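The values are calculated or read from the model by the stated rules, or taken from the named source; none is laboratory data. Note that the structure is predicted; figures quoted are calculated from it, not measured. Quick reminder, even Gly has a Cβ in these numbers, built from the backbone with ideal geometry, and neighbours come from all protein chains shown. Surface areas here come from the heavy atoms of the whole protein model, side chains and all, with no ligands, DNA or RNA. Shrake-Rupley method; radii C 1.70, N 1.55, O 1.52, S 1.80 Å.
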Amino acid sequence: DQNYQHQLTKENLNAAAPLQAEFIAALPGFYYIEFYERSNDVYDLSPYTLTATFLSQEDTLEPDNRFSQAVLLEESNQVKALIYPGNDQDWYKFFVSKPGMLRVQLAEAEGIQPRMLLYSDSKNQLGEVYAKNLGEELMLSYQITRPDWYYLVVSDQGENNLSARSYVMTIEGG
């Protein structure tokens, strides 16, 4: 990275095979690539080709990192978003119009160990679920007793991992 800290190692044990690696940059900046022959005792005179691509990770719902910035979910019961950078939190606000079982599913959480917290409009925590493994699917269930506004926060359990791809959150019931 820009501080010359080692981020990724990829080895190719078959010299004739192409080598491919994927790296998710947690911060903007310059990153450096080093190529070398591992044992430093052979060389090849033929040229190699380096192809690098960049896919931007952008969460269009940002900023949504605290209660006061919660994204209002009016038209849809499903959201696709990113935990990016690693200490990101995604807050959502939605209205439940009738009593019943509220279910919130979080899927496709590749790269993060997801955690979901449910809050009332008065900022009381009502429920929490968290994954034990990276990419694990979650289901949060809560019995709604009266119509009201509710808040949901999605984050990485340790707040240090980041999404490899957008997670999918689906809200049902209530």
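Answer with yes or no whether Tyr167 is in contact (Cβ under 8 Å) with a residue 12 or more places away in the chain, within 22 Å of Glu75 (Cβ to Cβ) and either more than 15 Å from the chain's Cα centre (by Cα) or surrounded by fewer than 16 Cβ atoms within 10 Å (Cβ to Cβ) (or both). When the stated conditions are applied, Tyr167 does not pass them. Do we find that Ser155 is touching a residue at least 24 places away in the same chain (Cβ under 8 Å), under 25 Å from Gly29 (Cα atoms) and part of a strand (DSSP E or B) in this structure? For Ser155, the condition - touching a residue at least 24 places away in the same chain (Cβ under 8 Å), under 25 Å from Gly29 (Cα atoms) and part of a strand (DSSP E or B) - is met. Within the stretch 135-148, is even one residue within 19 Å of Ser68 (Cβ to Cβ) and in a strand (DSSP E or B)? Yes, that holds for at least one residue. The single condition among (1) among the charged types (D, E, K, R); (2) modelled with pLDDT of 70 or more; (3) open to solvent by 100 Å² or more (accessible area, probe 1.4 Å) that Glu37 does not meet is (3).
Of all residue pairs spaced 6 or more apart or on separate chains, those with beta-carbon atoms under 7 Å, a first member in the stretch 68-93 that is without any contact (Cβ under 8 Å) to a residue 60 or more places away in the chain and a second member that is acidic (Asp, Glu) are Val71/Asp64. Within the stretch 132-141, the set of residues being within 15 Å of the chain's Cα centre (by Cα) and under 18 Å from Gly173 (Cβ atoms) comprises Glu137, Leu138. Taken as a whole, the structure places Lys123 among residues that are in a loop (DSSP other than H, G, I, E, B) and in contact with a helix residue (DSSP H, G or I) (Cβ under 9 Å, 6 or more places away or on another chain). What is the one condition in (1) over 24 Å from Asn160 (Cβ atoms); (2) at pLDDT 95 or above that Tyr119 does not satisfy? That leaves (1) as the condition not met. Within the stretch 80-107, the residues that satisfy the criterion of being small (Gly, Ala, Ser) and surrounded by fewer than 19 Cβ atoms within 10 Å (Cβ to Cβ) are Gly86, Ser97, Gly100, Ala107.
Name the single residue, out of those in the stretch 108-131 being more than 19 Å from Leu82 (Cα to Cα) and open to solvent by 90 Å² or more (accessible area, probe 1.4 Å), that is farthest from the chain's Cα centre (by Cα).
Going through the stretch 108-131, the residues more than 19 Å from Leu82 (Cα to Cα) turn out to be 119-128.
In the following step, the residues that additionally are open to solvent by 90 Å² or more (accessible area, probe 1.4 Å) were identified as 123, 125.
Numbers: Lys123: 24, Gln125: 22 Å.
Per the stated criteria, the residue is Lys123.
Right, Asn77: open to solvent by 70 Å² or more (accessible area, probe 1.4 Å), at pLDDT below 90 and not β-branched (Val, Ile, Thr) or not? In short, yes.
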